[in-house]
Amino acid sequence: MKTTVQTLAGSRIGLFIDGRFVAPRSGTYVPSYDPTTGEPWYEFAQGDSDDVAEAVASARAALADPAWRRMTQTDRGKLVRRLGDLVLENADALARLECRDNGKLLKEMRAQMRAIPDSYLYFAGMADKLQGDTIPVNKLDTLNFNLREPLGVVGMIIPWNSPLMMLTGTLAPCLAIGNTVVVKPSEHAAASSLALAELVIEAGFPPGVVNVVTGDGATTGEALTRHPGIAKYVFTGSTATGRRIAANAAGNLAPCQMELGGKSPQVIFSDVDIDRAVNGVVSGVFAAAGQTCVAGSRCFVERPIYDRFVEALVARTHRIKVGHPQEEDTDIGPLALAAQLAKVEDYVASGTREGARVAAGGRRPQDPELARGWYYEPTVLTEARNEMRFMREEIFGPVVGVAPFDTEEEMVALANGTDYGLASGVWTRDIDRAMRFARTIEAGTVWINTYRSAAYMSANGGMKNSGYGRRGGFEVMREFSRLKNVVIDYSSAMQDPFVIRLR
Ligand code: NAD
């Protein structure tokens, strides 16, 4: 099947509202850039507040429509499963679309496309498991129970680094539970969300159940997060934007799920196999050119192996191949946007000014073939200290700061010495020590002798400035549904109407 988005290159694409692509009311389209060349490759619609209002109205109408509201949970689950099948059928096209749009590695996208269809299957199974409780209360002849219901229209605001995976993790459970959705993808990588919207219709979901409004944060995002018709927001993006969205949403008392940035520690004890730990650190911070929320960008190494570890890390970093994301032997592709490249360069410069030493990388690649793209070499900065700006703030690029530690107490202070709390990694063969780390670290995910080992079956999310709420696992059923308490009195008794019935 050739969908609109598969013929996207060189064309323009509208907003996806009520089951079809429509032109934005303002008639404005904006170019999306190919990170390997810095050239525009298609144009997407810039949605404004009227477009957002139309998308929300469409989602609200779908919510009230018996075609969706009265669909049995089994049939809803089948639709989600069918959507997963279509994602699998279109896996290669979706993977290439995402690579073109945000510069992700093809091999990384292939790995994602093996898991994403399966995750639809997992969440489809939730459709018929959404159940309430019967509550024993201290009143005779009374039945007190909770109904678990969909929330309503969920607003999803998506970043550019892994849009399809991020969207799937919340879209699939939201649909299984019976919500309807308005998605605002990133202005830097909207193609895969638009492609998915088309597949939603092909799967048989009624029009309006999923809508996609493209555009920037200042216009489209602001309009969505101030709209009174949204029951809950799921935001995945930076902490600064998250704060703003939470403030907007508070105006309508709309709850949020906040999946924000990180500055995650990787801790290496001296009892480890150094090469394996190096491999883990590389996977934690250089995969996806460091553009992952869980990037293990602060690396603390026990002093007895510090020098050997740095030497091995630098040697491994020099073997990393920076190149075109669609070439099979490339390890690191470009950064997704020009501004991101400038930001990475600025952080490295600030690190060296503050006393860190560039042990590897620290510049754009010299290969003339890569000169037009937004590439940056994987970079190791030693003599790093937590107070340095590049160690405090999220870089979202291929840069790791390395520092030694002497005691476990010092390590905990270093690892937790951040405003963020998304992920963490510890490398040791000592299970007692690993468990002490797991208990004391302030992070939503703890990886022991592994990193970036993700699963949609487990709930994950952040602490501190990395956000709140959880994606994945059964926890999402609570995130995207609400309880309604129902009380039936079958005693036929006449009560005193002026006294609350507590017994
Ligand atoms: P960003 O915050 O700049 O943008 C994210 C989304 O918010 C985009 O769609 C953008 O258009 C929108 N937006 C911006 N301003 C807005 C506003 N005022 N109102 C409403 N929407 C607005 O983030 P980014 O640069 O696209 O993505 C990178 C960030 O995402 C990093 O901080 C990364 O750590 C984070 N991230 C977190 C997770 C997680 O699960 N915790 C996953 C992936 C990425």
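Details
- Share, in percent, of DSSP beta bridges within the chain that are antiparallel, nearest 5: 40 percent
- Note on surface exposure: Tyr306, Tyr42 rank Tyr306, Tyr42 by accessible area, highest first, 1.4 Å probe.
- Kirkwood Rh, Cα atoms: Rg over Rh of the stretch 265-448: 0.96
- Total formal charge among the other residues, if their Cβ is under 12 angstrom from that of Tyr42, Lys/Arg +1 and Asp/Glu -1: -2
- Annotation: extensible slack from Ser458 through Glu409 equals 14.7 nm (criterion: 0.36 nm per residue apart, minus Cα-Cα distance).
- Remark: relative contact order (the chain) = 18 percent; criterion is Cα-Cα distance under 8 angstrom and separation of 6 or more residues.
- Potential lengthening between Arg69 and Asp128 on full extension [0.36 nm per residue; Cα-Cα distance subtracted]: 19.8 nm
- Placed amide H near Asp34: partners under 5 Å, 5+ positions off or other chain: Glu39, Trp41
- Sum of -39500 (n - 2.57) over DSSP H runs of 4+, divided by residues of the chain (222 nm, nearest 500): -11000 deg cm²/dmol
- Dividing the alpha-carbon radius of gyration of the stretch 287-327 by the rule-of-thumb value 2.2 N^0.38 Å gives 1.46.
- Gain in span if fully extended, Ala493 to Arg96, counting 0.36 nm per residue against the direct Cα distance: 136.1 nm
- Amide H within-cut-off set for Met156, under 5 Å, with H built and near neighbours excluded: Val182, Val183, Lys184, Val234
- For the chain, the membrane-span-like helices by this rule, meaning whole DSSP H stretches whose C-alpha atoms cover at least 15 Å of axis and whose Kyte-Doolittle mean is 1.6 or above, are 163-177; this says nothing about an actual membrane.
- Separation of the alpha carbons by more than 21 angstrom is noted, of Lys78/Lys184; Lys184/Lys484; Lys78/Lys484; Lys263/Lys464, for Lys78/Lys184; Lys184/Lys484; Lys78/Lys484.
- Accessible surface for Phe474 stands near 110 Å², nearest 10, in the context of the full protein assembly shown (1.4 Å probe).
- Computed over the alpha-carbon atoms, the stretch 1-91 gives an Rg to Rh ratio of 1.06, Rh here being the Kirkwood radius from the mean inverse distance.
- Distances between placed amide hydrogens fall under 5 Å for Gly421 paired with Lys263, Met463, Asn465, Ser466, all partners being 5 or more residues away or on another chain.
- Two-decimal log10 I(q)/I(0) for the chain, as the Debye equation yields it once each C-alpha is a single scatterer, q = 0.10 Å⁻¹: -0.79
- Packing order of peptides 423-436, 276-289, highest average first: 276-289, 423-436 (average count of other Cβ atoms within 10 Å over each peptide's residues).
The values are calculated or read from the model by the stated rules, or taken from the named source; none is laboratory data. None of these values were measured; they are calculated from a predicted model. Here the Cβ is made from the backbone with ideal geometry for all residues, glycine too, and neighbour counts use every protein chain on show. Surface areas here come from the heavy atoms of the whole protein model, side chains and all, with no ligands, DNA or RNA. Shrake-Rupley method; radii C 1.70, N 1.55, O 1.52, S 1.80 Å.
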